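Q: Quick one: the structure is below, and I'll ask about it shortly.
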Amino acid sequence: MSSKDSARWSRVLLKVSGEAFAGNNGYGIDGDIVTQIAKEIVDVRDAFDVDLAVVVGGGNIWRGMSGAGAGMDRAQADYMGMLATSINALALQDTLEQLGQPTRVQTAIHMAQIAEPYIRRRAIRHLEKGRVVIFAGGTGNPFFTTDTAAALRAVEMEAEVLLKGSHSGTDGIYTADPRVDPEAKKIDQISHLEVIKQGLQPMDSTAITLCMDNQLPIVMFDLMSSGNVRSILAGEPVGTLVT
């Protein structure tokens, strides 16, 4: 019998934006931040009997939309972004394994020398064996964000919740941007449909719709505040719950 506690959800997918990896630098990979994120993951795995997968973004290295805005072919720019997510995934994998947490990186684009190709049944088996699976390469297709990739992988992995971590200091969904509007009010719980109707867009509408169609709850929270992931899985009211 496991001595670990039962979590509110037994299988979760954590979405980490690429910008989070950059810390205050705004670009590249800040080793201290990656270590902080990795420690959050290890802490959760140590405390709870929970399967944990991660989807990483790549905005700290390259954003496809920015490249397209500068005149680059959108598909080409998006493929470059997929490579950026793979760099972040390898950085997170290395840090996790230094902390003693077994991991596997699976990429939607084949990179046989450095990671496994994404295979759904193999990924689920890794989770069952206690490994943290890090998904990189987005969906493998241009024109889709890593938020949509997170929603897709969460559904495929039969996750019970998608945890969307913010790196900007925002601790949930607000009626407006709290960094701009001092009158903005935090929303504790809201439906997927209302998120779309109100144009709140904590994730892109494709990701929100995919979660809604598959009855997958989302928790929007501040990833940079230490202990939040553990608190969420312990059932504490952290961030905003989208159901």
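Q: Of the numbered conditions (1) in a helix (DSSP H, G or I); (2) within 23 Å of Gly227 (Cα to Cα), Val12 satisfies every one except a single condition; which is it?
A: Result: Val12 passes all but (1).
Q: Within segment 146-171, take every residue that is in a loop (DSSP other than H, G, I, E, B) and at pLDDT 95 or above and give me the one that is surrounded by the fewest Cβ atoms within 10 Å (Cβ to Cβ).
A: Glu158
Q: Here's a follow-up. Is it the case that segment 82-100 has a residue that's part of a helix (DSSP H, G or I), in contact with a Pro (Cβ under 9 Å, 6 or more places away or on another chain) and not hydroxyl-bearing (Ser, Thr, Tyr)? So that I can check it myself, show each step before the final result.
A: In the first step, residues of segment 82-100 are kept if they are part of a helix (DSSP H, G or I); the result is 82-98.
Next cut, in contact with a Pro (Cβ under 9 Å, 6 or more places away or on another chain) only: 82, 96.
Filter once more, keeping what is not hydroxyl-bearing (Ser, Thr, Tyr): 82, 96.
Within segment 82-100 (the criterion being part of a helix (DSSP H, G or I), in contact with a Pro (Cβ under 9 Å, 6 or more places away or on another chain) and not hydroxyl-bearing (Ser, Thr, Tyr)), the answer is yes, since at least one residue qualifies.
Q: Considering only residues of segment 70-81 that are part of a helix (DSSP H, G or I) and of a type in the set (A, V, I, L, M), which is surrounded by the fewest Cβ atoms within 10 Å (Cβ to Cβ)?
A: Top of the filtered list is Ala75.
Q: All but one of (1) more than 23 Å from Val12 (Cβ to Cβ); (2) of a type outside the set (S, T, N, Q); (3) surrounded by 21 or more Cβ atoms within 10 Å (Cβ to Cβ); (4) in contact with a strand residue (DSSP E or B) (Cβ under 9 Å, 6 or more places away or on another chain) hold for Gly64, so report the exception by its number.
A: Unmet condition: (4).
Q: Within the set of pairs 6+ apart or on separate chains, which have a first residue in segment 121-135 that is surrounded by 21 or more Cβ atoms within 10 Å (Cβ to Cβ), a second that is in a loop (DSSP other than H, G, I, E, B), and C-beta atoms under 6 Å apart?
A: Listed by first residue and then by second, the contacts come to Val132/Gln101.
Q: Can I ask one more? Check whether at least one residue in segment 93-114 is within 22 Å of Ala20 (Cα to Cα), free of Cβ contacts under 8 Å to residues at least 60 places away in the same chain and touching a Leu at 6+ places or on another chain (Cβ under 6 Å), and report yes or no.
A: yes
Q: Take the residues in segment 82-120 that are β-branched (Val, Ile, Thr) and under 17 Å from the mean Cα position of the chain (by Cα); name whichever of them is surrounded by the most Cβ atoms within 10 Å (Cβ to Cβ).
A: Thr85
Q: Scan segment 169-207 for residues that are touching a residue at least 40 places away in the same chain (Cβ under 8 Å), under 28 Å from Gly140 (Cα atoms) and of a type outside the set (A, V, I, L, M) and report the count.
A: Going through segment 169-207 one residue at a time, the tally reaches 4.
Q: Scanning for something aromatic (Phe, Trp, Tyr) and assigned to a helix (DSSP H, G or I), does segment 31-49 turn up at least one residue? Steps first, answer last, please.
A: The first filter runs over segment 31-49 and keeps only residues aromatic (Phe, Trp, Tyr), leaving 48.
Imposing the further condition that a residue be assigned to a helix (DSSP H, G or I) reduces the set to none.
No; the residues of segment 31-49 include none that is aromatic (Phe, Trp, Tyr) and assigned to a helix (DSSP H, G or I).
Q: So, one more: Hey, among the residues in segment 6-48 that are surrounded by fewer than 20 Cβ atoms within 10 Å (Cβ to Cβ) and among the basic types (Lys, Arg), which one's farthest from Ile87 (Cα to Cα)?
A: Once the filter is applied, the top-ranked residue is Arg8.
Q: Give me the helices (runs of 4 or more DSSP H) completely within segment 179-235, filtered to those with at least 1 residues that are over 17 Å from the mean Cα position of the chain (by Cα) and loosely packed, with under 13 Cβ neighbours inside 10 Å, ordered by residue number.
A: Where helices (runs of 4 or more DSSP H) fall fully within segment 179-235 and carry at least 1 residues being over 17 Å from the mean Cα position of the chain (by Cα) and loosely packed, with under 13 Cβ neighbours inside 10 Å, they are 192-197, 205-213.
Okay, residues lined up against (1) touching a helix residue (DSSP H, G or I) at 6+ places or on another chain (Cβ under 9 Å); (2) closer than 16 Å to Ser17 by Cβ:
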site: Glu116; (1), (2): yes, no
site: Arg122; (1), (2): no, no
site: Glu128; (1), (2): no, no
site: Ile134; (1), (2): yes, yes
site: Phe143; (1), (2): yes, no
site: Thr148; (1), (2): yes, yes
site: Met157; (1), (2): yes, no
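The values are calculated or read from the model by the stated rules, or taken from the named source; none is laboratory data. Please read these numbers as outputs of a predicted model, since none were measured by experiment. A quick note on method: Cβ atoms are made from the backbone with ideal geometry, for glycine too, and the neighbour counts reach across all protein chains shown.
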